[in-house]
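Here is the structure we will look at.
The values are calculated or read from the model by the stated rules, or taken from the named source; none is laboratory data. For clarity, every value in this text was computed on a predicted model and none was experimentally measured. Positions of Cβ are backbone-derived with ideal geometry, glycine not excepted, and every protein chain shown enters the neighbour counts.
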Amino acid sequence: MKDCTYVMSVASPVVMGSVSVTDEQSINKQAVEGIQRILRAAEKTNVKRVIMTANFGAVGFSNKDKSSVTTEEHWTNPNEKGLSVYEKSKLIAERAAWDFVNATENHIEFATINPVAILGPSLNQHMSLSFQFVENIARGKMKRIPNIPMNIVDVRDVAQLHVLAMKTPEANGKRFIATAYGQISMPEIAQLIKKERPELASKVSTKTIPDFAIKIGARFNSEAQEGKLLLEMNRNVSNQQARNVLGWTPSYTQEEAILASVDCMRDYHILK
């Protein structure tokens, strides 16, 4: 990091599906140690500021008051039932990062970007977890779709937000939720793809899974527990801090981000 003014920490261990308690502890440890190594190196080499790509899972998954607005002041409870291993690891890593920064003598400048589900164009054929659920809908792998609301942000807007957080003096010491305006449900995503990409329409199902079925399944199944949490959490999410402090405004709607993902997967022949 010699001669670096800014550092962005954008990577973290990713896991899909169920894992053992031992594996979960290992993933959490990797996530924490990864950001701590970066912060220690930055401190030693007099880096001015570190920007961490955190996650909305660290912010709003415990706020179930749907009459409220979720902001950067919220923190997810790490013991929240249904919280995925990935979301929990990002939460624990961000907490550890803030603890490290607050304990350092030099008080290295630090800020986090906490994006909701990221969609939009991809640089290559590697598909994130967010991409995969869109692929599953577009390819007809999901015969019935849970009526889960979502918040989405375009990857290009997330990239811009990182740069603004890096360069804006007032960003130091703050978290920034990255989200486009509003929310959209999974069935609405299916309907959008059917309407705007009619060549895929015959494969896309718009049949839904009743909410009560997910809630019953949550008693016995970890994936259903995650679905229940996603149903219950508040999706009225604010990006006001990013707008006020950084002058950031999302350039792409949720619908544009979704369709850009679909088109990207077609370009890479993932969807045909």
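Every residue, every condition in (1) within 20 Å of residue 152 (Cα to Cα); (2) at pLDDT below 95, yes or no:
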position	(1), (2)
28	no, yes
40	no, yes
44	no, yes
52	yes, no
77	no, no
84	yes, yes
92	no, no
96	no, no
106	no, yes
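I'm checking my understanding of the structure. Among residues of the range 128-154 that are under 14 Å from the mean Cα position of the chain (by Cα) and part of a loop (DSSP other than H, G, I, E, B), which one is farthest from residue 194 (Cα to Cα)?
Selected residue: 128.
Can you name the number of the only condition in (1) modelled with pLDDT of 95 or more; (2) within 25 Å of residue 220 (Cα to Cα); (3) in a loop (DSSP other than H, G, I, E, B) that residue 17 fails?
Failed condition: (1).
Among the residues of the range 239-272, write down those that are crowded, with 17+ Cβ neighbours inside 10 Å and hydroxyl-bearing (Ser, Thr, Tyr).
Within the range 239-272, 252, 261 meet the criteria.
Residues of the range 223-238 being of a type in the set (A, V, I, L, M, F, W, C) and in contact (Cβ under 8 Å) with a residue 12 or more places away in the chain, which ones?
229, 230, 231, 233, 237
Go over the candidates 190, 213 one by one and state the one that is among the small types (Gly, Ala, Ser) and surrounded by 20 or more Cβ atoms within 10 Å (Cβ to Cβ).
190
For the structure I just gave you, tell me whether residue 1 is among the aliphatic types (A, V, I, L, M) and either at pLDDT 90 or above or not in a loop (DSSP other than H, G, I, E, B) (or both).
No: the conditions fail for residue 1.
Please pick out the residue among 87, 43 that is buried (at least 17 other Cβ atoms within 10 Å of the Cβ), without any contact (Cβ under 8 Å) to a residue 60 or more places away in the chain and outside any loop (DSSP other than H, G, I, E, B).
That would be 87, the only listed residue that is buried (at least 17 other Cβ atoms within 10 Å of the Cβ), without any contact (Cβ under 8 Å) to a residue 60 or more places away in the chain and outside any loop (DSSP other than H, G, I, E, B).
List the number of the failed condition for residue 123; all other conditions in (1) closer than 19 Å to residue 259 by Cβ; (2) aliphatic (A, V, I, L, M); (3) out of contact with any Ser or Thr (no Cβ under 6 Å at 6 or more places or on another chain); (4) assigned to a helix (DSSP H, G or I) hold.
(4)
Output the number of the condition that residue 59 fails; it satisfies all remaining conditions of (1) within 16 Å of residue 85 (Cα to Cα); (2) at pLDDT below 95.
Failing condition for residue 59: (2).
Considering only the range 91-105, I want to know if a residue exists there that is of a type outside the set (Lys, Arg), over 18 Å from the mean Cα position of the chain (by Cα) and assigned to a loop (DSSP other than H, G, I, E, B).
Yes; the residues of the range 91-105 include at least one that is of a type outside the set (Lys, Arg), over 18 Å from the mean Cα position of the chain (by Cα) and assigned to a loop (DSSP other than H, G, I, E, B).
If you go through the range 61-76, how many residues are under 16 Å from residue 174 (Cα atoms) and in a loop (DSSP other than H, G, I, E, B)?
Qualifying residue count for the region: 5.
Out of all the residues in the range 177-194, is one or more among the aromatic types (Phe, Trp, Tyr), under 19 Å from residue 148 (Cβ atoms) and outside any loop (DSSP other than H, G, I, E, B)?
No.
Of everything in the range 129-146 that's exposed (fewer than 15 other Cβ atoms within 10 Å of the Cβ) and polar (S, T, N, Q), which residue is nearest to residue 202 (Cα to Cα)?
136
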